[in-house]
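The values are calculated or read from the model by the stated rules, or taken from the named source; none is laboratory data. Here the structure is a predicted model, which is why all the values come from computation and not from measurement. For neighbour counting, all protein chains shown are included, and Cβ atoms are generated from backbone atoms with ideal geometry for every residue, glycine included. Calculation scope for accessible area: heavy atoms of the full protein, side chains included, ligands and nucleic acids excluded. Shrake-Rupley method; radii C 1.70, N 1.55, O 1.52, S 1.80 Å.
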Amino acid sequence: MKKHILIIPGDGIGQEVTTWGKAVLEQIASDNGYNFTFDEALMGHAAIEATGDPLPEETLNKAKASDAILFGAVGHIKYDNDPTLKVRPEGGLLGIRKGLGLYANLRPIVLFDELLEASSIKPEVLKGTDILFFRELTGDAYFGEKKRSEDRNTASDLMIYHRYEVERIAIKAFEAARTRNKKVCSVDKANVLESSRLWREVVQDVAKNYPDVEVTHMFADTVSMQLIKNPRQFDVIVTTNIFGDLLTDEASQIAGSMGMLASASIGDGTGFFEPIHGSAHDIAGQNKANPLASILSAALMLEISFGLKEEAQRVTEAVRQVLKHGYRTGDIATVNTDRNKILGTKEMGQQVLTFLKKSVLAEESKMSLV
Ligand code: NAD
């Protein structure tokens, strides 16, 4: 198998964590005789500093020419403290989503049993939770017409959806449900919003083609409560851009830390894989960032973009083994963690590679016994 992968580290801890996502991809390639080639490109603050543009043309061209992209994060304290700055790092992210036609953001919310106590929710409520979110990425009030009255005292953002936008993400969600527990929960506010009534109508239409998948519709406010009360009831959740933005951040707490969650943005072309966290200025450059979300993003790439499900499972299993052996970065350590097993970014990345290599050796020795 031959694949060309673009690495976009971005800003802050982006560089530190993508190093390990890439290392895992290299290891998988070397273990299986795959030919993975890599290139690197700038985005965000780093790109503004170098070129004046958060998404230089060269980056977009490289992105379009690659088979998949591993991204870190963008953002810099300078922009957070000055909302009036017009050229901003996040412009790079919005630009690449548009440029690549990425319309669905997938966020698996999976809790490793080893981290049950790292979440603020009771372990007995969480155990066994496995949710796959599909958040629509190109519509809603984020992209609808924005207006401000002349006297500057009234503002509006048009919440807009077109049938085709709802249809294409609903199809992705139903297809995914077929490979899981065959349940889709569609989330809207059809009691008050016309755009949500369209959303529900289209999801109901798409559902007719998937009679083997159970579909439910829930209001966004109810889901925000149910995610904490009984997260295990959900399998696939499909929702709009804004509701998805809010609900997936809420759901990230189920997994214990932002440093644990991976995501994939997909459309009809190149896939874009990234941790859900930002550039974390507070810990950047200190070898404190948890690299597991980037490593799990690499696993998502293997499965979704390259169809390498078994290899993706090997990466996830290596992460589980590291956690099982008690190793933690600071963000997922608890009072019960052995202080000697609290690791920095590099040491944690190395541990995952060690367990990944061990799994190949175990596989080889099993084969030699046969
Ligand atoms: P953040 O996700 O960067 O950090 C939130 C908190 O979580 C911080 O305390 C941080 O130390 C911690 N954290 C995040 N990732 C971690 C990891 N891998 N390991 C350990 N701890 C981790 O969010 P923020 O502080 O709100 O934003 C910081 C910057 O990131 C801002 O400039 C923001 O605009 C940007 N941002 C970018 C993205 C993106 O690129 N996709 C997403 C969110 C925020």
*Would you be able to tell me the number of residues in region 61-92 that are hydrophobic (A, V, I, L, M, F, W, C) and open to solvent by less than 30 Å² (accessible area, probe 1.4 Å)?*
7
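Here's the yes/no breakdown for (1) part of a strand (DSSP E or B); (2) more than 25 Å from residue 338 (Cβ to Cβ):
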site: 114; (1), (2): no, no
site: 120; (1), (2): no, no
site: 124; (1), (2): no, no
site: 131; (1), (2): yes, yes
site: 134; (1), (2): yes, yes
site: 147; (1), (2): yes, yes
site: 153; (1), (2): no, yes
site: 156; (1), (2): yes, yes
*Could you figure out which of (1) touching a residue at least 60 places away in the same chain (Cβ under 8 Å); (2) in a loop (DSSP other than H, G, I, E, B) isn't true of residue 212?*
(1)
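Name every residue in region 18-56 that is among the hydrophobic types (A, V, I, L, M, F, W, C), open to solvent by less than 60 Å² (accessible area, probe 1.4 Å) and closer than 19 Å to residue 92 by Cα, in order of residue number.
Keep residues of region 18-56 that are among the hydrophobic types (A, V, I, L, M, F, W, C), which gives 20, 23-25, 28-29, 36, 38, 41-43, 46-48, 50, 55.
Add one more test, that the residue is open to solvent by less than 60 Å² (accessible area, probe 1.4 Å), and what stays is 20, 23-25, 28-29, 36, 38, 41, 43, 46-48, 55.
Of everything in region 18-56, those that are among the hydrophobic types (A, V, I, L, M, F, W, C), open to solvent by less than 60 Å² (accessible area, probe 1.4 Å) and closer than 19 Å to residue 92 by Cα turn out to be 41, 43, 46, 47, 48, 55.
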*What do you reckon, is residue 279 farther than 19 Å from residue 114 by Cα and either loosely packed, with under 15 Cβ neighbours inside 10 Å or within 16 Å of the ligand (Cβ to nearest atom) (or both)?*
yes
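What number of residues within region 181-209 satisfy the criterion of being more than 12 Å from residue 170 (Cα to Cα) and outside any strand (DSSP E or B)?
Initial filter on region 181-209 (more than 12 Å from residue 170 (Cα to Cα)): 181-183, 188-198.
This time we only want the ones that are outside any strand (DSSP E or B), so: 181-182, 189-198.
Matching residues across region 181-209 total 12.
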*Is region 305-319 home to any residue that is within 12 Å of the ligand (Cβ to nearest atom) and not small (Gly, Ala, Ser)?*
no
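For region 115-161, enumerate the residues that are among the β-branched types (Val, Ile, Thr) and either open to solvent by less than 70 Å² (accessible area, probe 1.4 Å) or under 20 Å from residue 190 (Cβ atoms) (or both). Show your work before the answer.
So in region 115-161, the residues among the β-branched types (Val, Ile, Thr) come out as 121, 125, 129, 131, 138, 154, 160.
If the condition is that a residue be among the β-branched types (Val, Ile, Thr) and either open to solvent by less than 70 Å² (accessible area, probe 1.4 Å) or under 20 Å from residue 190 (Cβ atoms) (or both), then 121, 125, 129, 131, 138, 160 are the ones that fit.
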*Filter region 93-108 for residues that are within 12 Å of the ligand (Cβ to nearest atom) and in a helix (DSSP H, G or I); which is surrounded by the most Cβ atoms within 10 Å (Cβ to Cβ)?*
96
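Which one of 289, 284, 262, 293 is closer than 23 Å to residue 89 by Cβ, buried (at least 24 other Cβ atoms within 10 Å of the Cβ) and more than 11 Å from the chain's Cα centre (by Cα)? Please lay out each step first, then the result.
Numbers: 284 fails: buried (at least 24 other Cβ atoms within 10 Å of the Cβ); 262 fails: more than 11 Å from the chain's Cα centre (by Cα); 293 fails: more than 11 Å from the chain's Cα centre (by Cα).
None of the other options fit; the residue is 289.
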*Of the residues 349, 271, 326, which single one is over 21 Å from residue 28 (Cα atoms) and either crowded, with 18+ Cβ neighbours inside 10 Å or of a type outside the set (Lys, Arg) (or both)?*
326
*When region 66-88 is examined, which residues are found to be assigned to a loop (DSSP other than H, G, I, E, B), more than 7 Å from the ligand (Cβ to nearest atom) and at pLDDT below 95?*
81, 82, 83, 84, 85, 86, 87, 88
*Is it true that some residue in region 359-370 is surrounded by 12 or more Cβ atoms within 10 Å (Cβ to Cβ), modelled with pLDDT of 90 or more and over 24 Å from the mean Cα position of the chain (by Cα)?*
no
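Report whether or not residue 63 is at pLDDT 95 or above and either hydrophobic (A, V, I, L, M, F, W, C) or part of a helix (DSSP H, G or I) (or both). Break it down into steps so the answer makes sense when it comes.
Working: at pLDDT 95 or above: yes; either hydrophobic (A, V, I, L, M, F, W, C) or part of a helix (DSSP H, G or I) (or both): yes.
Yes.
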